[in-house]
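Down below is the structure, laid out as structure tokens.
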Amino acid sequence: MWICPTEYECDETVTVAHGGGGRLMHELLADIIGPILDDEELCKSDDAAVIPQLLGALALTTDSFVVQPLFFPGGDIGSLAIHGTINDLAMRGARPLYITVGSIIEEGLPRNTLLSIFRSLASAARESGVRIVAGDTKVVERGRGDKLFLNTTGVGVVETELPITPTRIAPGDRIIISGDIGRHAIAVMAARASLNFRQPVLSDSTPLWATVRALLDTGSDIHAMRDITRGGLAAVVNECSQMAGCDITLEEDAIPITPAVRHASELLGLDPLHLACEGRFIVAVSEADSESVLEVLTTITPENGPSIIGIVNSTVGDGETPTKPRRNRVIMRTPFGGARYVGIPTGEVLPRIC
Amino acid sequence: MFFTSDGELFMCLAVAGVIVAVTDNHPLRRTARVLFGSIEREINISFVPEAVEGDWILVHAGVAICSAFRDPHDPQFELAKDGE
Amino acid sequence: MTFDDYYRDSEVAEKIIRDIFSVATRQWRIMEICGGQTHAFLRTGIDQRLTEVVKLIHGPGCPVCVTSPEVIDNAISLTRDSSVILCSFGDMIRVPGNHRTLREARALGGAVEVVYSPLDALSFARNNPDKEVVFFGIGFETTAPIVALAILIAASEQLNNFSVLSSHLLVPPALIEILSSAEAGVEGILAAGHVCAVMGYHDYAPISERFRIPIVVTGFEAVDLLLGVYRCIVQLERGESKVENQYQRVVIAEGNRSARDALIEVFEIDSQRWRGFGSIEASGLKIRLPYRKYDAFEKFSLPRDADDKPSECISGAILRGIKTPLECPAFGKKCTLDHPLGATMVSEEGACSAYMYYKIG
């Protein structure tokens, strides 16, 4: 049974004074958070970080993290924040370089919890060679925030010639998925609802830049990449379909889902295609490039079961079913020889998932 | 505790699980740990008084509504006691 | 391997589809009763494989869809009382009464808790002795015994701050109503497997005989549904009309005695209003006199009867099998998953939501 790793030995908590800009805040940042994050530029404590000139097109992203609970099997809000930011940049073919972290802390959050999360932020950043160069900390009164919210901005440099964006998706392209879906959602659900798994399902939260770089190294012309987060695979494929102006047909049998995620989905009445991931993405490439892309993914993480899951449709009437597809829809062929639409879930399937 | 933004869970669909251990034998509150695939839950089993550890049951809304058993006409079907 | 793997096997399914086509000489109109079966047909796409030989008519077996707007209004009126915590299944939260939904009532400050089981509502009552906890009990015969169990447990613990707003429905009377009106032209029936798991299927023999209609108790996986259809068509081609049980791994003719005992201990049969049908005699359950203190209608003096309000939503015709969602002028336009006009679009098992999510064509 998975147990939250935070130790609550120290009963010191964060108070409003720690966010006030005075001595207490200075102590918190300089003496504690600073050394954890351990970045030269950050520790200068200037109003802004100045980074060396970057060569190439810049990619910028921003993200907020409100996951509940803060700690879940396979990660926490800190590691999630870094991975999520890195992945947004990676999806545009940009090498992630710098991240800023803003935190809004609810008064009463145990200091050890905060430090544990910052250690996690620091460790995730270091592993990916990304620097946290700026940050901000605010504290709100008890009851006005929900333990901790994080916001990040990420900066990267684009390393591809041609843009990587769903508008470049063309009929005949293959849709390839990097691995099995739904682990993050189920991991968070399990922590939230105290679901008793025999083998805990770990969140798939992971940085994707190294994998993306390897894909770029194959020389393939990557048309589009999207990481699968809120709304799951269904949301991401629908977005691609809309932006490309093409229908997309998926093969249900080809979509990798682990037995544990399947069981949990059935038990909870959830559709696996709507479940959030935090370390999975889809790639759209021409048929000619699809084999080398799949090979790279299979070499790097064979245990995740990457596979080709679909094809971008050309004209109306293409394929034996359906006979008259509407524009911009995602169709899935079932193992029983039928076909059905894959829609975007209405509203949030699972709130506060990332 | 909340599952979805509206806590939507399939109502009508019951799920089959296997009894791992009976934890309370009080008549109205007879309870067992039941394994569904790879997840264990506490389930009220007062409606299946004859069911014991190792038996399959059909569960709906936290309560076992009947026993479930092998299809006598399907020779290929082997009941697996271990969820995976 | 898990319990249902065989019944999800696409090769087994393919063989049964071949068998169906080898016996069917024409298209037959078959009704699947349960909303869960409707969704399973559409989600797996097997309805498309069978169109030449089966016209599927969707039945009224979606409890969320057929719960009367008046009882939802009653639930909402309870939430205005600050001493009340209303516990409900998740699916009911978005269904509109005559004016609004429980979710809206919650946004307006009402205490509405989504629960997975009526037993969770009991926990709320135990943990909040200063509050009145009301469980919004809806469903068919699968759920009613569970609600009965909750009431029996409450009685045994003398839990005085717990009651049930009960709107439970029985399948056979609605089935008789649909078959009697003959509007839908149903020729064969796939009976709801889990309802029969509890109640058995003795009640269906007289219906089968009276209307000369084959009734096959069917499960919820692809192979279950295909076997159910197959058995139905075999009978139809032979001119037979009897009750058969496809779902043998779960259902026996007698059903579950313990569960039924609890049900008849706590409930008695009464007439009930169905959304889209109006009032059907002997089609619902009312809490019996010895357990009236757990009856929210009595406790809070709630009105039991009211008039139906007209609306643009044609879910009534859909639930009676006369129309499909595709024939509704509002479908996909004014009425969508995000902005549902009626219960069959709100409910996860409603025909309209199934069509919007899955159906191609």
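FYI, it's all coordinate maths here, none of it is from the lab. No experiment lies behind these values; they were computed from the predicted model shown. Cβ atoms come from the backbone with ideal geometry, glycine included; neighbour counts cover every protein chain shown.
Normalized C-alpha radius of gyration of the stretch A:16-158, against 2.2 N^0.38 Å?
Here the answer is 1.02, to two decimals.
Can you tell me what share of the DSSP beta bridges in the protein assembly as shown is antiparallel? A percent to the nearest 5 is fine.
60 percent
Name the residues whose placed amide hydrogens come within less than 5 Å of the amide hydrogen of C:Asn98, ignoring near sequence neighbours (fewer than 5 apart) on the same chain.
C:Asp73
Report the rotationally averaged projected area of the protein assembly as shown based on its alpha-carbon convex hull, in square nanometres.
34.5 nm²
Report the antiparallel proportion of the DSSP beta bridges in chain A as a percent, rounded to a multiple of 5.
Within chain A, antiparallel bridges account for around 75 percent of the total.
Given H placed on each backbone N at 1.01 Å, which residues far from A:Ala59 in sequence or on other chains put an amide H within less than 5 Å of it?
Amide H neighbours of A:Ala59: A:Gly156, A:Val157, A:Val158.
What is the average number of partner chain Cβ atoms found within 10 Å of a Cβ in B:39-47?
Mean shielding by partner chains, rounded to a whole number: 6.
Tell me what chain C gives for mean residue ellipticity at 222 nm when only DSSP H runs of n ≥ 4 count, each as -39,500 (n - 2.57), the sum divided by the residue total, rounded to 500 deg cm²/dmol.
-11000 deg cm²/dmol, from helical runs alone.
In sequence order, what are the phi-derived ³J(HN,Hα) couplings for the stretch C:212-218 according to the Karplus relation 6.51 cos²θ - 1.76 cosθ + 1.60 with θ = phi - 60°, rounded to whole Hz, with x for glycine and proline?
3J(HN,Hα) across the stretch C:212-218, in whole Hz: 6, 9, x, 10, 10, 5, 10.
Please identify the cysteines of chain C that lack any partner cysteine with a Cβ under 4.7 Å from their own Cβ.
C:Cys34, C:Cys87, C:Cys196, C:Cys232, C:Cys313, C:Cys328, C:Cys335, C:Cys352
What is the mean number of Cβ atoms from other protein chains located within 10 Å of the Cβ atom of each residue in peptide C:142-155, rounded to a whole number?
4
Pull up all non-local amide H partners of A:Thr206: gap of 5 or more, or a different chain, and H-to-H distance under 5 Å with H placed in the peptide plane.
Placed amide hydrogens put A:Gly279 under 5 Å from A:Thr206.
Please report the Cα spread of chain C along all three principal axes, rounded to whole Å, starting with the longest.
Principal extents (Cα only, largest first): 65, 47, 42 Å.
Using alpha-carbon positions, what is the distance between the centroids of the stretch C:22-50 and the stretch C:177-231, in Å?
Comparing the Cα centres of the stretch C:22-50 and the stretch C:177-231, I get a distance of 13 Å.
What does the highest-first list of C:319-325, C:50-56 look like by mean Cβ count within 10 Å?
C:319-325, C:50-56
Relative to the Cα centre, what is the charge dipole magnitude of the protein assembly as shown, using +1 at the beta carbon of each Lys and Arg, -1 at the beta carbon of each Asp and Glu, and rounding to the nearest 20 debye?
Approximately 1720 debye in magnitude.
Using the Karplus curve 6.51 cos²θ - 1.76 cosθ + 1.60 with θ = phi - 60°, what ³J(HN,Hα) values do you get for each residue of the stretch C:203-211, in whole Hz, with x for Gly and Pro?
Computed from phi, the couplings for the stretch C:203-211 are 5, 8, 4, x, 5, 4, 5, 4, 9 Hz.
Would you mind giving the mean number of other chain beta-carbons within 10 Å of the Cβ of each residue in C:247-259, as a whole number?
If you average over the peptide's residues, the count of other-chain Cβ atoms is 5.
What's the long-distance tail for chain A, i.e. % of Cα pairs beyond 40 Å?
Percentage above 40 Å: 17.
Could you please state, rounded to a whole Å, how far the C-alpha centre of the stretch A:174-210 is from the C-alpha centre of the stretch C:288-302?
Taking the Cα centre of each part, the stretch A:174-210 and the stretch C:288-302 sit 46 Å apart.
When Lys and Arg each count +1 and Asp and Glu each count -1, what net charge do the other residues less than 9 Å away from C:Val346, Cβ to Cβ, add up to?
-1
Quick one: net charge around C:Arg304, please, counting Lys, Arg +1 and Asp, Glu -1 for every other residue with C-beta under 11 Å from its C-beta.
Net of charged neighbours comes to -3.
Beyond a 23 Å Cα-Cα separation, which of these cross-linked pairs lie in this structure: C:Lys15/C:Lys55; C:Lys55/C:Lys242; A:Lys44/A:Lys138; C:Lys55/C:Lys334; C:Lys242/C:Lys359?
From C:Lys15/C:Lys55; C:Lys55/C:Lys242; A:Lys44/A:Lys138; C:Lys55/C:Lys334; C:Lys242/C:Lys359, over 23 Å: C:Lys55/C:Lys334; C:Lys242/C:Lys359.
Relative contact order, percent, of chain C when contacts are C-alpha pairs under 8 Å separated by at least 6 residues?
After rounding, I find 22 percent.
From the backbone phi of the stretch C:241-248, what are the Karplus-calculated ³J(HN,Hα) couplings (6.51 cos²θ - 1.76 cosθ + 1.60, θ = phi - 60°) in whole Hz, Gly and Pro given as x?
8, 9, 9, 10, 10, 7, 8, 5
Among A:Thr113, A:Thr301, B:Val20, whose Cα lies farthest out toward the positive end of the dipole of the protein assembly as shown, if unit charges sit on the beta carbon of Lys, Arg (+1) and Asp, Glu (-1)?
The Cα lying farthest towards the positive end belongs to B:Val20.
For the stretch C:86-239, what is the relative contact order in percent, using Cα pairs closer than 8 Å and at least 6 residues apart in sequence?
About 17 percent, as a whole number.
When a/c reaches 1.5 or more, the comparison of a/b and b/c decides; with that in mind, is the stretch A:166-341 rounded, prolate or oblate per its Cα gyration tensor?
oblate
Cβ under 14 Å from B:Pro27's Cβ, B:Pro27 left aside: what net charge do those residues give with Lys, Arg +1 and Asp, Glu -1?
Value of the local net charge: -3.
Between the stretch C:157-175 and the stretch C:84-100, how many Å separate their Cα centres?
Here the answer is 15 Å between Cα centres.
I'd like to know which of C:Cys328, C:Ser163, C:Ala343 lies farthest towards the positive end of the charge dipole of chain C, counting +1 on Cβ of Lys and Arg and -1 on Cβ of Asp and Glu.
C:Cys328
Hey, if you put +1 on the Cβ of every Lys and Arg and -1 on every Asp and Glu Cβ in chain C, which of C:Leu225, C:Met92, C:Asn127 ends up farthest toward the positive end of that dipole?
Towards the positive end, the residue furthest out is C:Met92.
To make sure I understand, if each residue's beta carbon is the centre and we count other beta carbons within 10 Å, what order do C:Ser258, C:Ser156 fall in, fewest to most?
Neighbour counts put them in this order, fewest first: C:Ser156, C:Ser258.
Within the stretch A:50-157, what percent of beta bridges assigned by DSSP are antiparallel, to the nearest 5?
Expressed as a percentage, antiparallel bridges in the stretch A:50-157 total about 70.
Take each of the peptides C:15-21, C:223-229, average the number of other beta-carbon atoms within 10 Å over its residues, and list them starting from the highest.
In decreasing order of mean packing, C:15-21, C:223-229 become C:223-229, C:15-21.
What ranking of A:Cys43, C:Cys196, A:Cys277 emerges when the number of other C-beta atoms within 10 Å of each C-beta is taken as an exposure proxy, fewest first?
With the sparsest Cβ surroundings first, the list reads A:Cys43, A:Cys277, C:Cys196.
Classify the stretch C:1-73: rounded, prolate or oblate, from the alpha-carbon gyration tensor (a ≥ b ≥ c, eigenvalue square roots; a/c under 1.5 rounded; otherwise prolate if a/b is larger than b/c)?
Judged from the Cα gyration tensor, the stretch C:1-73 comes out oblate (a/c at least 1.5, b/c at or above a/b).
How do the peptides C:280-287, C:346-353, A:51-58 rank, highest first, by the average count of neighbouring beta carbon atoms within 10 Å per residue?
C:346-353, C:280-287, A:51-58
Averaging the inverse of every distinct alpha carbon separation and then flipping it gives the Kirkwood radius. What is it for the stretch B:15-68, in angstrom units?
For the stretch B:15-68, the Kirkwood estimate is 10.4 Å.
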